[in-house]
Amino acid sequence: MKWLVRVDTRSGKISRTEATSEEMRWGGRMFIAKVLSREVPPICDPLGRNNKLIFAVGLLGDTPITTSGKLSVGAKSPLTHGVKEANTGGEAGKLLARCGIKALIFEDAPDKPMPRVLKLTATGAELIDAPELARKLVSETFSLLRKQYGPRAGLLCIGPAGEMTMAGAGVSVTDANDVQVRYAARGGLGAVMGSKGVKAIVVDDSGAEPATCMDPAAMKDAAREFAQVLLADPKTDNRHTFGTPAILALANELGLLPTRNFSSGSFEGAEALCGETVAKVIAERGGEGRSGVRCLRGCIIQCSNIFPNPSGKKSVASIQYENIALLGSNCGIGDLDDIAELNHLCNEVGVDTIEAGAALGVAMEGGVIPFGDAEGAKDLLRQIGQGTYLGRVLGNGSVMTGKILGVRRVPAVKGQAIPGYDPRALKGNGVTYVTSAMGADHTAGNGFETVRTIPPTGREGHIKSSLRLQIRAAILDSLGVCLFVRPAFIKKPEFFSRFFAARYGWKVSVDDVIRMGFDVLKTEQEFNRKAGVSAEFFDVPEFMRTEPLPPKNALFDIPLDEMQSLWTQEIPENVF
């Protein structure tokens, strides 16, 4: 991978240049952080001409390493007004790598936005007017693109929420069989894509040259051993069997499961929503339902699923913990079929399920509909796609919804909705939400994995742990691999050196990799400082410091200045 494709969305000019030796050392999240830092004015309008939308393949994106097809999407966020990277599975990331494309960068903005499709191949690119795709739902868009561009193409698109530049909009991606819809969901990146007048991206790798490694035999051996270590880890089997909903029962037990707009940490209907129940329902209904589904080619973890309706037809693929937590318990909704349909509607209109679920919870608290009203919630999501006034409010996220409706209790940090871990009962995640440039994003460094070793409601240990987890996430996001492969790196950190030597011929130590991850974080922090959204000005919501969270009656009590000390600490040695 060596090509950078830049698209001027005002003039339509497309350029293709070779990455410099320095840029070759950047991948995924790191590439996004560096380009934003160097090329985007930090105080620019996120939906204006000076912002850039970046699709970046990870450093290991063209290798046979399991999950290495993850694709990073980034820009200045219309939600947080700081740097934002979100990554996704699906087919497009691997196909971009096969085409030799390291990154795709959309620049400027059209004078009169209209839906366009960018078609990418191994040798060229073309920006095509597509008025027929205007305001189409995501499934309709993918269907039309598939008919036009054939079965091999990788597809990405936005829904009507992105076209209307709603700040809760994401970028959707299909898998190889058009069964699953994956999302680079967080931070409003779909709105940035809409502001560039781009409805969809088509990647066709026909005629692409096979990727080359410096030492193919060494890469094959290292990738095989890496997979074996991962398969031997019990977490892999658990995720394969139950998917991410596997953690819901424990989250409920620990009292950190968002319930009725974060007013409680446990939900009386949690048993009907847990991973075991999800897997059981899928097995009993049969038909198109499946557990243990991969979201991209070559993944051995296979933590996704196809959730069927009572007749066995696909309802949504995939139903995940975050979706159940924010669209389910957070809204007082305890029926899996209702949650699956809500999840599907979010996918269709093109919004982040976390942001949409939090906005629905705020709307319920504001009296728009009562908690537990699944049909009312479905109607509100449809209104997002229709662009009604209320739909536009909800589509712009939880903070906007709270402001318009006069609701004080809004679960968000840096303008972005808190995901499925209430920081009062998992204080490590509160530290990450506040200190990370990403705002309230569990994928920036999720403390849930430490609940057995660090008391989640205690005050000690969370700051050092958060820094370690944030560095780890930045590394994996820059390599373009899934966070769920971390057990293999934890057991054998030397895999880093082996992979870089086999792919590029680089001599890279584990310490070098850790410094790379820390560099990503510091680059993001500096962008946010210049953008005026430094972490010292964005605490957890006030109500989380004053309202005890049932059933543990926990408060978030780590002082803001104490959390800020995270960035003055030494780089930890035991990141992996």
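The values are calculated or read from the model by the stated rules, or taken from the named source; none is laboratory data. All values reported here derive from a predicted model rather than from experimental measurement. All Cβ positions, even for glycine, are placed from backbone atoms using ideal geometry, and neighbour counts span all protein chains on display. These area figures cover heavy atoms from the full protein model, side chains too; ligands, DNA and RNA do not enter into them. Shrake-Rupley method; radii C 1.70, N 1.55, O 1.52, S 1.80 Å.
Hand me the list of strands (runs of 3 or more DSSP E) wholly inside the stretch 1-105 holding 3 or more residues that are over 23 Å from Cys213 (Cα atoms) and not charged (D, E, K, R). Once the strands (runs of 3 or more DSSP E) in the stretch 1-105 are filtered for at least 3 residues that are over 23 Å from Cys213 (Cα atoms) and not charged (D, E, K, R), what remains is 71-76, 83-88.
For every residue, the table says whether it meets (1) of a type outside the set (Asp, Glu); (2) open to solvent by less than 10 Å² (accessible area, probe 1.4 Å); (3) under 16 Å from Gly397 (Cβ atoms).
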position	(1), (2), (3)
Leu156	yes, yes, no
Ala161	yes, yes, yes
Met166	yes, yes, yes
Ala169	yes, yes, yes
Thr174	yes, yes, no
Val179	yes, no, no
Ala185	yes, no, yes
Gly188	yes, yes, yes
Gly197	yes, yes, no
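Of the set (1) among the aliphatic types (A, V, I, L, M); (2) within 30 Å of Lys13 (Cβ to Cβ); (3) out of contact with any strand residue (DSSP E or B) (no Cβ under 7 Å at 6 or more places or on another chain), all apply to Val229 but (2).
What residue, among those in the stretch 273-289 that are in contact with a helix residue (DSSP H, G or I) (Cβ under 7 Å, 6 or more places away or on another chain) and not β-branched (Val, Ile, Thr), is most open to solvent (accessible area, probe 1.4 Å)? If we take residues in the stretch 273-289 being in contact with a helix residue (DSSP H, G or I) (Cβ under 7 Å, 6 or more places away or on another chain) and not β-branched (Val, Ile, Thr), then Glu276 is most open to solvent (accessible area, probe 1.4 Å).
Those residues that are within 17 Å of Leu273 (Cβ to Cβ) and open to solvent by 30 Å² or more (accessible area, probe 1.4 Å), I need them from the stretch 298-319; list them, please. Hits for the stretch 298-319 are Asn309, Pro310. The residue list Phe496, Phe556 contains one member that is in a helix (DSSP H, G or I) and at pLDDT 95 or above, which is Phe496.
Within the stretch 201-218, residues that are in contact (Cβ under 8 Å) with a residue 60 or more places away in the chain and part of a loop (DSSP other than H, G, I, E, B) sit with their Cβ atoms under 6 Å from residues that are crowded, with 18+ Cβ neighbours inside 10 Å and of a type in the set (Asp, Glu), at 6+ positions apart or across chains, in these pairs: Ala211/Asp62.
Checked against the criterion of being assigned to a loop (DSSP other than H, G, I, E, B), closer than 27 Å to Ser172 by Cβ, charged (D, E, K, R) and more than 23 Å from the chain's Cα centre (by Cα), the stretch 262-278 contains not a single residue that satisfies it.
Considering (1) within 23 Å of Glu163 (Cβ to Cβ); (2) surrounded by 24 or more Cβ atoms within 10 Å (Cβ to Cβ), the lone condition that Lys119 does not fulfil carries the number (2).
Just one of the numbered conditions (1) modelled with pLDDT of 95 or more; (2) in contact with a helix residue (DSSP H, G or I) (Cβ under 8 Å, 6 or more places away or on another chain) is not true of Thr9: (2). Please report, ordered by residue number, the helices (runs of 4 or more DSSP H) entirely within the stretch 316-403 with at least 1 residues that are aromatic (Phe, Trp, Tyr) and under 26 Å from Thr244 (Cβ atoms). By residue number, 321-327.
For the stretch 178-194, state whether one or more residues are among the β-branched types (Val, Ile, Thr), farther than 21 Å from Leu360 by Cβ and outside any strand (DSSP E or B). Yes, there is a match, as at least one residue in the stretch 178-194 is among the β-branched types (Val, Ile, Thr), farther than 21 Å from Leu360 by Cβ and outside any strand (DSSP E or B).
Listed by first and then second residue, the pairs with beta-carbon distance under 8 Å, at least 6 apart or on different chains, first residue in the stretch 274-301 and touching a residue at least 40 places away in the same chain (Cβ under 8 Å) and over 21 Å from Ala249 (Cβ atoms), second surrounded by fewer than 15 Cβ atoms within 10 Å (Cβ to Cβ) and aliphatic (A, V, I, L, M), are Ile300/Leu231.
The single condition among (1) buried (at least 24 other Cβ atoms within 10 Å of the Cβ); (2) charged (D, E, K, R); (3) farther than 24 Å from Leu342 by Cβ; (4) within 22 Å of the chain's Cα centre (by Cα) that Arg424 does not satisfy is (4). Checked against the criterion of being within 23 Å of Gly357 (Cβ to Cβ), open to solvent by 10 Å² or more (accessible area, probe 1.4 Å) and charged (D, E, K, R), the candidates Arg452, Arg468, Arg409, Arg459 yield just one match: Arg409. Scanning the stretch 207-226 for residues that are under 12 Å from Leu95 (Cα atoms) and open to solvent by 60 Å² or more (accessible area, probe 1.4 Å) turns up Gly207, Glu209, Pro210. When the stretch 374-392 is limited to residues that are open to solvent by less than 50 Å² (accessible area, probe 1.4 Å) and without any contact (Cβ under 8 Å) to a residue 12 or more places away in the chain, the one that is nearest to Gly168 (Cα to Cα) turns out to be Gly391.
Residue-wise test of (1) open to solvent by 10 Å² or more (accessible area, probe 1.4 Å); (2) under 18 Å from the mean Cα position of the chain (by Cα).
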position	(1), (2)
Asp45	yes, no
Gly58	no, yes
Thr63	no, no
Ser68	no, yes
Gly74	no, yes
Gly93	no, yes
Lys112	yes, no
Ala130	no, no
Ser139	yes, no
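Under the condition of being farther than 14 Å from Ala554 by Cα and in contact with a Lys or Arg (Cβ under 6 Å, 6 or more places away or on another chain), the residues counted in the stretch 242-260 number 0.
Go through the residues of the stretch 427-448 one by one and say whether even a single one is charged (D, E, K, R), part of a helix (DSSP H, G or I) and open to solvent by 10 Å² or more (accessible area, probe 1.4 Å). No, that holds for no residue. Of the residues making up the stretch 173-207, those that are over 14 Å from Leu118 (Cβ atoms) and charged (D, E, K, R) number 5.
Conditions (1) surrounded by 14 or more Cβ atoms within 10 Å (Cβ to Cβ); (2) out of contact with any Gly (no Cβ under 7 Å at 6 or more places or on another chain); (3) at pLDDT below 95; (4) not polar (S, T, N, Q), marked per residue:
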{"position": "Gly505", "(1), (2), (3), (4)": "no, yes, no, yes"}
{"position": "Ser509", "(1), (2), (3), (4)": "no, yes, no, no"}
{"position": "Val520", "(1), (2), (3), (4)": "yes, yes, no, yes"}
{"position": "Gly532", "(1), (2), (3), (4)": "no, yes, no, yes"}
{"position": "Ala535", "(1), (2), (3), (4)": "yes, yes, yes, yes"}
{"position": "Met563", "(1), (2), (3), (4)": "yes, yes, no, yes"}
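Within the stretch 474-503, residues that are closer than 19 Å to Asn574 by Cα reach partners that are of a type in the set (A, V, I, L, M) and open to solvent by 30 Å² or more (accessible area, probe 1.4 Å) with beta carbons closer than 6 Å, at six or more positions or on different chains, in the pairs Leu476/Leu483; Pro493/Val510; Phe496/Val510.
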